[in-house]
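J.: Dropping a structure here in structure tokens format, bear with me for questions.
All of the numbers you see were taken from the coordinates with simple rules; none came from a lab. Computed from a predicted structure; not experimentally measured. No Cβ is skipped: glycine too gets one built from the backbone with ideal geometry, and neighbour counts run over all protein chains shown.
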Amino acid sequence: MRSLAKIHFSPAVLAVLVQVVSLFLLIVFTFIFALVATFFFGIDLKYPLFFLVFLQALISTVLSRLIGMASWWGWIHFFFPIAACVMFAWNIPKEIYLVGFLVTLSLFWTTFRTQVPFFPSRPSVWQQVAKLVPLRQDAPIRIIDIGSGLGDMSMYLAKQRPDCRVEGIEIAPLPWLVSFIRAHIYRSAAAFSLGDYRQLNFANYDVIFAYLSPAAMLDLWSKAQAEMSGGSILISYEFDIPNVIPQRQISIGTQAPKLYVWEIGNQ
Ligand SMILES: C[S@@+](CC[C@H](N)C(=O)[O-])C[C@H]1O[C@@H](n2cnc3c(N)ncnc32)[C@H](O)[C@@H]1O
């Protein structure tokens, strides 16, 4: 049962299925309890709405754990029905939902396909990455943040290393637009493009920084191996590449994830 979460469906589809199955179980259980109460005890059972929602939350949380979904999905399954119920009770105008939906869609609409959600790295990470960028006299070092989000990392690098040519590429339109506008406002030398890094030629870069997700790492490594030149470096924050030992692992803090560095040609 646990392998269901890993093999057959993407997590988003599985999450919807969990909620649907939980609703089905909830209806069956409450119906049986109501029948038993009526026939054996003569009680006409009436369930308060919030109690039903709470049960739905509980069943879906347990179900998600049973089928082996990541633990944070349990929190989502628990709070989603309760939040939906509370917001319904508050009579929030439907336009608010539309705005929320559109903002979320432009932030995350590609996540379903790429399996890489948006979450920003921190300044301590940018500082370490800046230290890893080599010095070169003859031509500017070419750096790219693949999946540049709101653009902070690229703008930081462009500021710290004006001798380098810094780019960011982002697949989701809203973060890209924010990075593009911010780069103009702050007069950053970093250039941002809207697109899929998988369409780039990695041979055009000396340093590639990635903060993606475990789902992206094997393909990223195949592309890096095929296209990056000897001597260039691939840096990944938090996510390593299965069975490919990095030349360096840098701790950012005691509990924070690491930076992994692969020097191409040294494997
Ligand atoms: C974890 S965030 C990292 C953001 C930024 N690099 C940082 O360090 O703050 C990953 C970003 O990669 C983007 N992304 C995912 N797949 C992508 C792809 N194939 N091409 C371009 N961007 C992608 C996501 O939309 C998301 O904004």
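J.: Quick check: pseudo-label points 7 Å beyond the Cα along Cα→Cβ at residue 101 and residue 51, how many nm apart are they?
T.: Spacing of the two 7 Å Cα→Cβ label points: 3.3 nm.
J.: Kindly write out, for segment 26-36 in residue order, the coupling ³J(HN,Hα) from the Karplus curve 6.51 cos²θ - 1.76 cosθ + 1.60 (θ = phi - 60°), rounded to whole Hz, with x marking Gly and Pro.
T.: 4, 4, 4, 4, 5, 5, 4, 4, 5, 4, 4
J.: Setting aside same-chain residues fewer than 8 positions from residue 159, which lysines have a Cα under 18 Å from its Cα?
T.: 131
J.: Under 4 °C and 1.567 mPa s, how fast does the chain diffuse according to Stokes-Einstein, given a Kirkwood radius computed over C-alpha pairs? Answer in µm²/s, whole number.
T.: 60 µm²/s
J.: With charges set only on the Cβ (+1 for Lys and Arg, -1 for Asp and Glu), what does the dipole of the chain come to about its Cα centre, in debye to the nearest 20?
T.: 240 debye
J.: Hey, can you grab everything whose amide H is under 5 Å from the amide H of residue 142? Only 5+ residues off in sequence or another chain; H modelled, so Pro and N-termini drop out.
T.: 165, 206, 207
J.: Next question. Taking θ = phi - 60°, what integer Hz values does the Karplus form 6.51 cos²θ - 1.76 cosθ + 1.60 yield along segment 220-226, in sequence order, with x for Gly and Pro?
T.: Using θ = phi - 60°, the values come out as 4, 5, 4, 5, 4, 4, 6 Hz.
J.: Less than 12 Å Cβ to Cβ from residue 228, Lys/Arg counted +1 and Asp/Glu -1: what total charge do the surrounding residues give?
T.: -1
J.: With θ set to phi - 60°, apply the Karplus curve 6.51 cos²θ - 1.76 cosθ + 1.60 along segment 183-191 and write out the HN-Hα couplings as whole Hz, x wherever there is a Gly or Pro.
T.: Taking θ as phi minus 60°, the curve returns 4, 6, 4, 8, 6, 6, 7, 5, 10 Hz for segment 183-191.
J.: For residue 251 paired with residue 12, estimate the spin-label separation in nm (one decimal), with each label point 7 Å from Cα along the Cα-to-Cβ line.
T.: It is 3.7 nm.
J.: Percent of Cα-Cα pairs per 5 Å bin, from 0 to the last occupied bin, for segment 123-263, please list those.
T.: Per 5 Å bin, starting at 0, the Cα pair percentages come out as 2, 10, 21, 24, 22, 14, 6, 1, 0.
J.: Another one. Just how far, in whole angstrom, is segment 101-146 from segment 238-253 if you go by their alpha carbon centroids?
T.: 16 Å
J.: Now for a separate question. How high is the relative contact order of segment 123-263, in percent, counting Cα pairs under 8 Å that sit 6 or more residues apart?
T.: Over segment 123-263, the number comes to 20 percent.
J.: Can you figure out the FRET efficiency of residue 159 with residue 199, using R₀ = 22 Å and their beta-carbon distance, to the nearest 0.05?
T.: Calculated transfer efficiency: 0.20.
J.: Neighbouring Cβ atoms within 10 Å as the yardstick, rank 85, 164 fewest first.
T.: Ranked by crowding around the Cβ, least crowded first: 85, 164.
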